[in-house]
Every structure is written in structure tokens, then in C-alpha cells.
1. Being crowded, with 20+ Cβ neighbours inside 10 Å, within 29 Å of GLU127 (Cα to Cα) and over 15 Å from the mean Cα position of the chain (by Cα) narrows it down to one of THR167, THR144, so name that one.
2. Hey, can you tell me all the residues within the stretch 5-21 that are under 14 Å from GLU98 (Cβ atoms) and in contact (Cβ under 8 Å) with a residue 40 or more places away in the chain?
3. How many residues are within 22 Å of the chain's Cα centre (by Cα) and among the hydroxyl-bearing types (Ser, Thr, Tyr) if we restrict to the stretch 185-235?
4. Filter the stretch 83-95 down to the residues that are surrounded by fewer than 18 Cβ atoms within 10 Å (Cβ to Cβ) and either within 16 Å of ligand 2 (Cβ to nearest atom) or touching a residue at least 12 places away in the same chain (Cβ under 8 Å) (or both), then identify the one that is farthest from ARG56 (Cα to Cα).
5. Of the numbered conditions (1) modelled with pLDDT under 90; (2) over 23 Å from ALA35 (Cβ atoms); (3) out of contact with any Lys or Arg (no Cβ under 8 Å at 6 or more places or on another chain), PRO133 fails exactly one; give the number of that condition.
6. Identify all residues within the stretch 44-81 that are surrounded by fewer than 22 Cβ atoms within 10 Å (Cβ to Cβ), hydrophobic (A, V, I, L, M, F, W, C) and at pLDDT 95 or above; write none if there are none.
7. Could you please let me know if VAL272 is under 19 Å from PHE221 (Cα atoms) and not assigned by TED's automatic domain parsing to the domain that holds ALA17?
8. Tell me, which strands (runs of 3 or more DSSP E) wholly within the stretch 227-331 include 3 or more residues that are surrounded by 14 or more Cβ atoms within 10 Å (Cβ to Cβ), among the hydrophobic types (A, V, I, L, M, F, W, C) and touching a residue at least 40 places away in the same chain (Cβ under 8 Å)?
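The values are calculated or read from the model by the stated rules, or taken from the named source; none is laboratory data. It should be emphasised that the depicted structure is a prediction, and the values quoted were computed from it without experimental measurement. Glycine gets a Cβ as well: all are built from the backbone with ideal geometry, and neighbour counts include every protein chain shown.
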Amino acid sequence: MTKIQLLDSRLANQIAAGEVVERPASVLKELLENALDAGSESITVDVEQGGVKLVRVRDNGSGIDRDDLPLALSRHATSKIRGLDDLEAIGTLGFRGEALAAISSVSRLTLASNVEGEAEGWQVQVEGRDMAPSVTPAGHPRGTTVTMRDLFFNTPARRRFLRTEKTEFNHLEEVFRRIALSEFNTAFRLTHNQKVIHQLPAGLDDTLRAARVAKLCGKGFMEQAIPVDVERDGIRLHGWMGLPTFSRSQADLQYFYVNGRVIRDKVVSHAVRQAYADVLYHGRHPAYVLFLELDPAQVDVNVHPTKHEVRFREQRMVHGFLYSSLHRAIAEVRPGQSLAASV
Ligand code: ADP
Ligand code: MG
């Protein structure tokens with residue numbers, strides 16, 4: 001008798017789900033990324049009980065073909081890359097084809113969609129165990145709605161790690177904030193237990209963009225932030241950096257995006273810290289919302305399943321560009337002015 005056995009696909013999915021789905025907030029992250037990858041102009045998120053009972057994301061993006069619906073829930077099924085070449089320069093937020101498979105293995109999930117041009121939409125429904133979904137008609141306008149209910153209903157051990165409704169909602173709202181800051185051309189709305197928490201119109205001009213940042217990061221930040229927009233050799237850095245007068249005791253208002261993807265990176269944090277080094281007291285942290293745009297071939301995003309980490313091909317060049325752009329922006333604001341802005 002052999003001792004080694006292949007895991008059945010449900011168990012394999014559940015194990016893999018551990019990497020992708022930690023809590024309701026991780027579900028929301030994946031669903032929002034999919035909605036953005038589908039080119040949605042408007043995204044609505046409804047959450048109940050901190051997301052444990054319900055996370056529903058509705059978008060008006062490209063939709064999923066009827067025949068693709070069951071496939072979308074299979075592991076390693078993606079429409080975003082085809083071969084190794086595509087991995088060299090990723091232009092979408094997703095590409096691993098794991099999220100929907102993982103989420104559907106630990107929750108009750110409905111995927112309803114409509115591709116433009118078809119009379120009505122279609123949906124598939126799965127409840128953890130049964131992984132052979134059947135396709136049924138669904139009245140759905142163009143776009144996709146993913147409804148996730150009862151997270152970890154079939155994995156009690158994982159469910160026990162969930163915190164209070166308030167804590168889970170805070171994590172969820174943070175994910176919403178990060179992603180809503182990443183795509184100003186898309187309108188977002190978030191409700192929790194039927195109450196509207198955020199309603200953000202598409203920000204097509206500077207005023208609307210600034211208004212969105214103020215809503216998500218607080219008026220105080222925007223009143224004490226300087227806009228940055230620097231471009232050099234095909235790399236662009238833009239966004240807002242908080243004045244030293246708006247420094248914080250924690251690094252809790254730091255949003256850095258690389259080609260629309262929020263990331264944490266040592267090279268980036270080091271460059272930013274250095275740029276602020278002369279103007280911040282020890283132990284204080286700067287606040288910023290910054291966007292770096294560069295050739296996708298210059299960044300490797302396939303470092304970690306949640307894709308929060310990236311690797312720059314030319315780290316020193318990126319470091320130098322960030323440091324000099326931010327340092328100059330800070331130096332240009334005279335101390336008197338920054339004080340005035342804080343009163
Ligand atoms: P990935 O995003 O890495 O491709 P997912 O499991 O998140 O993997 O999604 C699988 C596939 O389902 C996607 O490649 C896409 O084709 C389709 N899909 C998922 N969500 C949406 C959506 N909101 N709109 C359109 N297509 C979607
Ligand atoms: Mg995805």
C-alpha cells in the first residue's frame with residue numbers, strides 16, 4: 001500500500017485558501033481587484049456583520065461569458081495571462097487564477113454576470129463542497145456580481161480566528177480605502193449593514209480627486225499635503241505628500257502604489273524615510289498617498305500570493321528617483337509656509 005496520496009481538489013483548494021483568504025477583508029481585496037481588472041466604471045460593495053455574513057461586490061465591467069462561469073471558479077483558471085511572456089510584464093492586478101477558487105472553497109458563493117450584448121445574464125452557485133457548479137439564468141445587467149456568504153462556514157477552525165465585527169469591518173474598510181485610492185476613474189460605494197459608509201463619485205478632475213483623498217484620508221491630511229508630480233526617463237511619481245507638520249506617531253497613513261497596485265517595499269520606504277529625514281523628529285512617521293508609474297517590465301509582482309510585495313529590476317534607479325523627487329518637493333516648501341498651512 002502506498003502512503004502518498006493526491007489531495008482531493010476541495011481539500012487542495014481549502015489549503016491554498018489559507019494563503020489568499022485570511023478574513024473578510026482579503027475576500028474584498030480579491031473581488032475589488034477583479035472588478036477593476038474588468039474595467040469597471042462603478043463598483044458597489046455591500047457588507048454585513050463585518051463581512052463574515054456577506055461581502056457582495058457588484059461591478060459594471062466586461063462580464064464573464066456563460067461558458068466561462070464554472071471555469072472562473074476553478075483553480076489556476078485565469079483570462080489574464082496565457083504564457084510565461086505575459087508574466088514578464090503584468091498589466092492586471094490578478095493573474096494567478098486562485099482567488100475565486102479559494103474563496104468558493106470556504107464560503108457560499110454566487111457569481112452572476114452578463115457580457116454586453118446578451119439579453120440576460122447567467123449565474124453559478126457553489127457551497128464549499130460541491131465544486132461542479134451548474135449555470136442558471138440570472139437577471140443581471142452588464143457586469144458581474146460576486147456574492148460571498150458565511151465565510152469559513154465549513155472550516156470552523158479558521159472561523160475561530162475571526163475577530164469582532166468591528167475589527168473585521170475596520171480591516172475591510174482599510175482594503176476599500178486602499179483600492180478606492182488606486183483608481184480615481186471608477187466610482188465606489190461601500191455599505192455596512194445597509195448603512196452607507198463611503199460614496200465616492202468618479203474623480204475625473206483634480207478637485208474630485210482631492211475630494212476623494214480628503215474623504216478617505218481625512219481633511220487634515222489634505223490641508224497639510226503638497227501635491228507632487230515628477231516625471232523622468234519614463235518614470236512618473238505623483239500624488240500627495242504630507243508636510244512634516246502632519247507627521248504621525250504611527251506609519252498608518254502611507255499609501256504607495258506601483259502601476260495601480262498598493263505595495264509595501266523596503267526600497268520605497270527607505271527612500272521616503274531618507275527624504276523626510278531632515279524634517280521629521282525621530283519616531284515620527286510621514287503620511288503620503290503616492291503613485292509610481294513605470295514600464296511593467298521593470299517590476300516583478302509575482303513575489304507573493306497577495307502581491308503586496310514587488311521587486312524592482314533597477315532598485316537603485318527607483319530609490320534615487322523617489323528620494324530626489326520627494327526631497328526636492330519638501331525643500332521647496334519653506335518652513336514658514338508649512339507652518340502657515342497647519343494653522
Ligand atoms: P485572476 O484574477 O488571478 O485571474 P480569479 O480567481 O480572481 O483569478 O478570477 C478568475 C477569472 O474570473 C478571471 O481571470 C476573470 O476572467 C474572471 N473574473 C473574475 N471576476 C471578474 C469580474 N468581476 N469581472 C469579469 N471577470 C471576472
Ligand atoms: Mg483575481
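1. Working: THR167 fails: crowded, with 20+ Cβ neighbours inside 10 Å.
Checking each option against the conditions leaves just THR144.
2. Of the stretch 5-21, the ones under 14 Å from GLU98 (Cβ atoms) are 9, 12-21.
Within the stretch 5-21, SER9, ALA12, ASN13, GLN14, ALA16, ALA17, GLY18, GLU19, VAL20, VAL21 meet the criteria.
3. Counting residues in the stretch 185-235 that are within 22 Å of the chain's Cα centre (by Cα) and among the hydroxyl-bearing types (Ser, Thr, Tyr) gives 2.
4. Applying the first criterion (surrounded by fewer than 18 Cβ atoms within 10 Å (Cβ to Cβ)) to the stretch 83-95 yields 83-89, 91.
If we keep only those that are either within 16 Å of ligand 2 (Cβ to nearest atom) or touching a residue at least 12 places away in the same chain (Cβ under 8 Å) (or both) as well, we get 86-89, 91.
Details: ASP86: 30, LEU87: 30, GLU88: 32, ALA89: 30, GLY91: 25 Å.
My answer is GLU88.
5. (2)
6. Result: LEU54, single match.
7. On the way: under 19 Å from PHE221 (Cα atoms): yes; not assigned by TED's automatic domain parsing to the domain that holds ALA17: yes.
Considered against the rule, which asks whether it is under 19 Å from PHE221 (Cα atoms) and not assigned by TED's automatic domain parsing to the domain that holds ALA17, VAL272 comes out as yes.
8. Details: elements: 235-242, 254-258, 288-293.
Filter on the stretch 227-331 gives 235-242, 288-293.
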